[in-house]
Amino acid sequence: MWNRMNRDYSYQHREDAAAKRYRRREDAAAKLAIVAIIVLTGVGLWKTSDRRGQNLLAVVRHCTAVMGTDCSIAATVEPGRRANAEKFLHRAEAALRTAEALLSTWLDDSELGRFNAAKADKHVSLSAESLNVLHTAHDAFVQTDCAFDVTCRPVIELWRAVPKRGDVPTRADLDRARAESNWDLIRLTDSGAVKLADTVRVDLGGIAKGHAIDRAADVLRRAELAGGLVEVGGDIVCFGRPPSGESWEVDIKNPFGDSRLAQVRLPDGGAVCTSANNARCGESAGRRYSHIIDPRTGQPADAVLSVTVVAADAVTADIWATALSVLGPAGFDLIPNGVEAMIVTGTQDDPKIHCTPRFRRLMK
């Protein structure tokens, strides 16, 4: 397969029940990056040794129903530190669930759920964590040339309604939805946020998971572990030493089948997030529509099949995986230093891979 790709691919620079079912389908389709440590899914503890012959324990905790999907949290420790590792794995899971309780727009009683339901001109108190995510999302809106926009939830809701309605939104529908919610209608304060219109709603699907993963990884880093990993729905942060070998290695699945498209090596750890448009939000007249929406046009972003981003943290990788799904390879001109990406476009008969230069050097 890889030999064929070398010949044929071109490289260029760059929670109601229904809601839960939708999120599970979306996450299952988007789970393209699987790190080698996930072979641990059948066990919670095993012993190995690194290349220097030092015995290491890898302790793993599996969690369900976190942000609509499953997750794995792992710690690599020296013998005698198992109890300490298990304690911090519990704390890392708690950090994930706390982030979900604050940021999920599928939970009516989350902080963002309350903000979406609030009336205009009413100040909604938000935690420092939620405010930080909103400020980061606004910065990303500017950095990505408006391709990453958490305020376009009314547009997303129109496309999610396609299966029930049976037809796609009209241009007038999309323009009206876009006018109902945008950053000009949100005022952030030191302690919360104010909507300037009742219709304003945010959707943090492109950043909340990355933020939660980073918070959980921060917990593990404070535990003085030899290494650690947090994986939620296929998005990953890793650091330190893996249970074997000298660097973490992440497989990237071929969007056209079950084979491995590539493998990236992370000698210094980092985050890997993937976004794929094969999770569909609806179908009409025989055409299936991507769940990834271009907030600038209101249309599904169908040109890019998948994006995998490597960055120092999951928030950055999560944001750019979404933004590049909209921008395509032209977005390589916008990504900041330290962010590397691979974009798959084309068709199964004529596939194309577009990589930033260092991403290709990370490939094993």
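The values are calculated or read from the model by the stated rules, or taken from the named source; none is laboratory data. Everything quoted here is computed from the prediction, not taken from an experiment. Please note: Cβ atoms are built from the backbone with ideal geometry, for glycine as well, and neighbour counts cover all protein chains shown. For accessibility, only protein heavy atoms count, side chains too; no ligands or nucleic acids. Shrake-Rupley method; radii C 1.70, N 1.55, O 1.52, S 1.80 Å.
Looking at segment 270-279, is at least one residue modelled with pLDDT of 95 or more and on the phi > 0 side of the Ramachandran plot?
Yes, the conditions are met somewhere in segment 270-279.
Quick check on segment 223-242: of everything there that is on the phi > 0 side of the Ramachandran plot and surrounded by fewer than 21 Cβ atoms within 10 Å (Cβ to Cβ), which residue is farthest from the chain's Cα centre (by Cα)?
E224
Would you confirm whether or not segment 77-90 contains a residue that is open to solvent by less than 40 Å² (accessible area, probe 1.4 Å) and assigned to a loop (DSSP other than H, G, I, E, B)?
No, that holds for no residue.
When you go through (1) open to solvent by less than 30 Å² (accessible area, probe 1.4 Å); (2) farther than 30 Å from P336 by Cα; (3) in contact with a Gly (Cβ under 7 Å, 6 or more places away or on another chain) one by one for A74, which number turns out not to apply?
Going through the list (1) open to solvent by less than 30 Å² (accessible area, probe 1.4 Å); (2) farther than 30 Å from P336 by Cα; (3) in contact with a Gly (Cβ under 7 Å, 6 or more places away or on another chain), A74 breaks only (2).
Since V142 meets every condition but one in (1) open to solvent by 30 Å² or more (accessible area, probe 1.4 Å); (2) within 18 Å of the chain's Cα centre (by Cα), which condition does it not meet?
Unmet for V142, out of (1) open to solvent by 30 Å² or more (accessible area, probe 1.4 Å); (2) within 18 Å of the chain's Cα centre (by Cα): (2).
So which of S130, S110, S125 is among the polar types (S, T, N, Q), on the phi < 0 side of the Ramachandran plot, surrounded by 18 or more Cβ atoms within 10 Å (Cβ to Cβ) and in contact with a strand residue (DSSP E or B) (Cβ under 9 Å, 6 or more places away or on another chain)? If you could, list the steps in order and put the result at the bottom.
On the way: S110 fails: in contact with a strand residue (DSSP E or B) (Cβ under 9 Å, 6 or more places away or on another chain); S125 fails: surrounded by 18 or more Cβ atoms within 10 Å (Cβ to Cβ).
After applying the criteria, what remains is S130.
Do you know which of the residues in segment 113-122 that are more than 14 Å from L204 (Cα to Cα) and of a type outside the set (D, E) is surrounded by the most Cβ atoms within 10 Å (Cβ to Cβ)? Spell out how you get there, then give the answer.
First, the residues of segment 113-122 that are more than 14 Å from L204 (Cα to Cα): 117-122.
Now drop any that are not of a type outside the set (D, E), which leaves 117-120, 122.
On the way: A117: 13, A118: 18, K119: 9, A120: 12, K122: 12.
Only one residue tops the list, namely A118.
Taking segment 95-107 as the search range and keeping residues that are among the polar types (S, T, N, Q) and open to solvent by less than 40 Å² (accessible area, probe 1.4 Å), which one is modelled with the lowest pLDDT?
Initial filter on segment 95-107 (among the polar types (S, T, N, Q)): 98, 104-105.
This time we only want the ones that are open to solvent by less than 40 Å² (accessible area, probe 1.4 Å), so: 104-105.
Numbers: S104: 91, T105: 81.
Within segment 95-107, the match that is modelled with the lowest pLDDT is T105.
Return only the number of the condition from (1) touching a helix residue (DSSP H, G or I) at 6+ places or on another chain (Cβ under 9 Å); (2) among the hydrophobic types (A, V, I, L, M, F, W, C); (3) farther than 22 Å from W183 by Cα; (4) open to solvent by less than 60 Å² (accessible area, probe 1.4 Å) that L324 does not satisfy.
(3) is the only condition that L324 fails.
Kindly indicate the residue of segment 249-260 that is more than 19 Å from the chain's Cα centre (by Cα) and either open to solvent by less than 10 Å² (accessible area, probe 1.4 Å) or of a type in the set (D, E, K, R) (or both) and also modelled with the lowest pLDDT among those meeting that condition. Can you show your working first?
The initial filter retains those residues of segment 249-260 that are more than 19 Å from the chain's Cα centre (by Cα), namely 256-260.
Then keep just the ones that are either open to solvent by less than 10 Å² (accessible area, probe 1.4 Å) or of a type in the set (D, E, K, R) (or both); that gives 258, 260.
Details: D258: 78, R260: 84.
This residue is D258.
Return yes when D218 is under 22 Å from V315 (Cβ atoms), open to solvent by 10 Å² or more (accessible area, probe 1.4 Å) and part of a helix (DSSP H, G or I) and no when it is not. Step through it out loud before you land on a result.
Working: under 22 Å from V315 (Cβ atoms): yes; open to solvent by 10 Å² or more (accessible area, probe 1.4 Å): yes; part of a helix (DSSP H, G or I): yes.
Answer is yes for this residue.
Could you check segment 233-263 and list, in sequence order, the residues that are in contact with an Asp or Glu (Cβ under 8 Å, 6 or more places away or on another chain), within 30 Å of L107 (Cα to Cα) and part of a strand (DSSP E or B)?
The answer is D235, V237.
Could you run through segment 184-204 and say how many residues are open to solvent by less than 60 Å² (accessible area, probe 1.4 Å) and within 17 Å of E157 (Cα to Cα)?
6
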